[in-house]
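Beneath this line is the structure, given in structure tokens, with notes to follow.
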Amino acid sequence: MSNRNRSRDVSSEDLNKQSSLESGIILSSKKTPLIFNKTADVDDPPFSRLFLLIPKAMSEDELRKAFLVHGTIQDIHMVRDRRSQESKGIAYIKYEKASAAARAMEEMNGTVIPPHTRPVKAIISSSRREGSVRDPDEHEKMLRLFVVISKHMTKDDLRKVFEKYGSIIHIKVIVDKLTGENKGFAYISFSKASEAAYALEECDPFTLML
């Protein structure tokens, strides 16, 4: 393998590694515009499933009714005792879109669903597999998108494209330390995870390469 090809491979590998350290999401100009870092046991799309701690007396119908207002639900799984079939107070809700799951988490975490008196705990889960619940400290990473852009694009250009999806906290265009030139990618931080997910779902990445 030539040094040129090896350098190109390393660059691609570093890019993928960097994206996985952020939200696991890239907006790309390739034929498949939205690229996710996936594994076989991760939901499609990523971040579209909630892990819930709920009152043991809560029924699936009550849970569905409370969470359906936030988006299309694909699946609800109530964790039950194998012998008694009684609820363990744990459930998973799989939404069609990551933005719906994030919005449900933001709106429902800590709320009480009548007639029950115990607050619901809601966080993002990477899958329905045991032990797959995401660390709440990772929530900040879900606010941030890593985007591949034209080298002519500025912060103001990015803000004009993305501000319609939510409240933007910060935009950082990565530049060459020596030349100060745009390196062709940037970070965009939103105030809410649901806004970042909505931007990912709705933005046409081809407009970023113009």
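Below are the figures for this structure:
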{"item": "Residue in the range 158-171 that is at pLDDT 90 or above, among the charged types (D, E, K, R), over 30 Å from LEU50 (Cα atoms) and not assigned by TED's automatic domain parsing to the domain that holds ALA104 present", "result": "yes"}
{"item": "MET105, sole failed condition from (1) under 22 Å from LYS121 (Cβ atoms); (2) at pLDDT 95 or above", "result": "(2)"}
{"item": "So SER167, is it under 19 Å from the mean Cα position of the chain (by Cα) and among the polar types (S, T, N, Q)", "result": "yes"}
{"item": "Top-ranked residue in the range 54-67 [being surrounded by 15 or more Cβ atoms within 10 Å (Cβ to Cβ) and of a type in the set (A, V, I, L, M, F, W, C); ranked as nearest to GLU106 (Cα to Cα)]", "result": "PHE67"}
{"item": "Residue in the range 6-22 that is in the same structural domain as ALA193 (by TED's automatic domain parsing), in a loop (DSSP other than H, G, I, E, B) and at pLDDT below 90 present", "result": "yes"}
{"item": "Top-ranked residue in the range 146-184 [being in contact (Cβ under 8 Å) with a residue 60 or more places away in the chain and crowded, with 18+ Cβ neighbours inside 10 Å; ranked as farthest from ARG103 (Cα to Cα)]", "result": "ILE149"}
{"item": "Scan of the range 79-94 for residues that are in a strand (DSSP E or B) and either surrounded by fewer than 18 Cβ atoms within 10 Å (Cβ to Cβ) or of a type in the set (Lys, Arg) (or both), ordered by number", "result": "VAL79, ARG80, LYS88, GLY89, ILE90, LYS94"}
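Conditions tested, residue by residue: (1) touching a Cys at 6+ places or on another chain (Cβ under 8 Å); (2) in a loop (DSSP other than H, G, I, E, B); (3) more than 28 Å from ASN109 (Cβ to Cβ).
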| position | (1), (2), (3) |
| --- | --- |
| LEU145 | no, no, no |
| LEU158 | no, no, yes |
| PHE162 | yes, no, no |
| VAL173 | no, no, yes |
| LYS177 | no, yes, yes |
| SER189 | no, no, no |
| SER194 | no, no, no |
| GLU201 | no, no, no |
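The values are calculated or read from the model by the stated rules, or taken from the named source; none is laboratory data. On a predicted model such as this, the values are computed, not experimentally measured, just so you know. All Cβ positions, glycine included, derive from the backbone under ideal geometry; neighbour counts span all protein chains shown.
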